[in-house]
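The values are calculated or read from the model by the stated rules, or taken from the named source; none is laboratory data. A quick note: this is a predicted structure, and the numbers were derived from the prediction, not measured. Every residue, glycine as well, gets a Cβ built from its backbone with ideal geometry; the counts of neighbours run over all protein chains shown. Just the protein is used for accessible areas: all its heavy atoms, side chains included, with ligands, DNA and RNA removed. Shrake-Rupley method; radii C 1.70, N 1.55, O 1.52, S 1.80 Å.
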Amino acid sequence: MSTLTIFDSVPAQASGETQAAAASRPIPAVLGADLQVPVKGGRLVGYANLDYAASAPCLEPVSAAVAAALPAYSSVHRGAGYASQLTTARYEQARHTVRAFVGARPDDAVIFTRNTTDATNLLAGCLPAGTTTVVFNTEHHASLLPWRKSVRLAPPAFPGEAVRAADEALAGIEGPKLLVVTAASNVTGELWPIAALAHIAHRHGARILVDAAQLVPHRRLNLTALDLDYVAFSGHKLYAPFGAGVLIGRRDWLADGEPYLKGGGAVRSVEDEAEWHDDPEPRHEAGTPNVLGAIALAAACDALTATGWTALVREEERLLARLRSGLASIEGVRELSLWGDDHPRVGIVSFTVDGYSAREVAEALSSQYGIGVRDGKFCAHPFVRHLLGRSGHDREDAGCEDGTTSAVRASIGIGTTQEHVDRLVEALRDLVSR
């Protein structure tokens, strides 16, 4: 098995549809595409949003789906009234839509959460007693921190080393074990060999959790084809910023785990003691769930599926190549990468600028050019320190903020234009020439 087998970057289209027809379907618009922001001197300019990896703007079809659901919004699951029944149907349909979007198995649980961090913590609370988690130090804190017992692996020098390191670590662990890995880095955008890692995990009797937060806005993911056990992602990175995320995967650990929240909906009955649901979906969704968030998340899945990945991937790759070549042409700007310039990645680029802190660059881009980027360590402190060659004892930047151990991140998606990319490149060229 190739260690670079991850997914079909441009998947086959529906039967009978030509690739040209699929590519001709319009890409949906995002809200805020016409946003004007003030810059130095009092002028207003069109906002160049290059911070998609933090939170993506809302797709127009997502906003429309939420607006359509609001007039009949009501309680879910326990109401006899028409509005309650309709809202319940929409909520459960959202579950089916999300399951189909990631190609999950028919019996996989789909649990709505607040975000990827929430989903990962939910799974952490359901692990069998004594489970050891294996996780790379390249992960986002959401995947790095929730585990009671973990083995951390150093950043691998190349994809094959990631597979080898996971193989060796899992082979030395007795009892239940879980491998946790990102599908696409939130720092560099680089794609991880999740198919090969899933194969290795299963060979050692382990399970795998994939953080797909940065992948699913950019590429199709098929959980069944990749043989993944669990997948987590967030709506706010998938053009559905309404406060919902999701954990999808095998039911047994989730059905046996302690309810994530204890309250109404999670129980079958309450006497002196509670009888909890065996079904992991109600078991871990106590209280009134974020119905509109789930509807929004499903609407985003529908919109991307209807558009087709051919056009989305092609446009992103065009803009990403333009951005990276532009940054490479500027003396003093260094792109961060774990596995080299040629490794496949999604639309995320992190970089440093000689003579400037990351915060200084981000503030100048905003105040002088109307460009929004992210600066900091992107809640991946060990990884960014590794990429910058800093030790873990270098503490001048203790948060996800600015400092000399930080970088600038530009990220693109639906709504990014060539003008946005060119404006960033020229702004950086202007900054380094001063």
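A count restricted to region 323-334 and to residues that are surrounded by fewer than 16 Cβ atoms within 10 Å (Cβ to Cβ) and under 18 Å from Ile371 (Cα atoms) stands at 0. Checking Ala364, Ala358 one by one, the residue that is touching a helix residue (DSSP H, G or I) at 6+ places or on another chain (Cβ under 8 Å) and either of a type in the set (A, V, I, L, M) or modelled with pLDDT of 95 or more (or both) is Ala364 and no other.
Kindly indicate whether Ser269 is open to solvent by less than 40 Å² (accessible area, probe 1.4 Å) and of a type in the set (Ser, Thr, Tyr). Criteria not met by Ser269. Selection within region 122-150: residues that are in contact (Cβ under 8 Å) with a residue 40 or more places away in the chain and polar (S, T, N, Q). The member of this set that is farthest from Gly389 (Cα to Cα) is Thr131.
The single condition among (1) in a loop (DSSP other than H, G, I, E, B); (2) open to solvent by less than 10 Å² (accessible area, probe 1.4 Å) that Trp339 does not meet is (2).
Among the residues of region 287-301, is any without any contact (Cβ under 8 Å) to a residue 60 or more places away in the chain and either open to solvent by 20 Å² or more (accessible area, probe 1.4 Å) or under 23 Å from Arg105 (Cα atoms) (or both)? Scanning region 287-301, I find at least one residue that is without any contact (Cβ under 8 Å) to a residue 60 or more places away in the chain and either open to solvent by 20 Å² or more (accessible area, probe 1.4 Å) or under 23 Å from Arg105 (Cα atoms) (or both), so the answer is yes.
Consider region 354-383 and keep the residues that are in contact with a strand residue (DSSP E or B) (Cβ under 9 Å, 6 or more places away or on another chain), assigned to a helix (DSSP H, G or I) and within 19 Å of Leu144 (Cβ to Cβ). The one that is least open to solvent (accessible area, probe 1.4 Å) is Phe383. One residue stands out among those in region 341-371 that are more than 25 Å from the chain's Cα centre (by Cα) and small (Gly, Ala, Ser): the one that is farthest from Val313 (Cα to Cα), which is Gly355.
For region 81-96, the tally of residues that are buried (at least 17 other Cβ atoms within 10 Å of the Cβ), of a type outside the set (A, V, I, L, M) and more than 20 Å from Arg250 (Cβ to Cβ) stands at 5. Considering every residue within region 151-166, establish whether at least one is under 23 Å from Val246 (Cα atoms), in contact (Cβ under 8 Å) with a residue 24 or more places away in the chain and not in a helix (DSSP H, G or I). No, every residue in region 151-166 fails to be under 23 Å from Val246 (Cα atoms), in contact (Cβ under 8 Å) with a residue 24 or more places away in the chain and not in a helix (DSSP H, G or I).
Screening Leu320 against (1) crowded, with 20+ Cβ neighbours inside 10 Å; (2) farther than 22 Å from Ala240 by Cβ; (3) touching a strand residue (DSSP E or B) at 6+ places or on another chain (Cβ under 7 Å) leaves a single unmet condition, (3). Among the residues of region 113-150, those identified as in a strand (DSSP E or B), of a type in the set (Ser, Thr, Tyr) and surrounded by 22 or more Cβ atoms within 10 Å (Cβ to Cβ) are Thr113, Thr133.
Residue count for region 35-56 satisfying the condition of being open to solvent by less than 20 Å² (accessible area, probe 1.4 Å) and within 20 Å of the chain's Cα centre (by Cα): 5. For region 255-266, taking the residues that are touching a helix residue (DSSP H, G or I) at 6+ places or on another chain (Cβ under 6 Å) and at negative phi, the one that is surrounded by the most Cβ atoms within 10 Å (Cβ to Cβ) is identified as Tyr260. Taking region 197-254 as the region of interest, the strands (runs of 3 or more DSSP E) fully inside it that hold 1 or more residues being open to solvent by 10 Å² or more (accessible area, probe 1.4 Å) and touching a residue at least 24 places away in the same chain (Cβ under 8 Å) are 207-211.
Can you tell me which residue in region 384-414 is farthest from Ala364 (Cα to Cα), limited to those that are buried (at least 19 other Cβ atoms within 10 Å of the Cβ) and at pLDDT below 50? The residue in question is Asp397.
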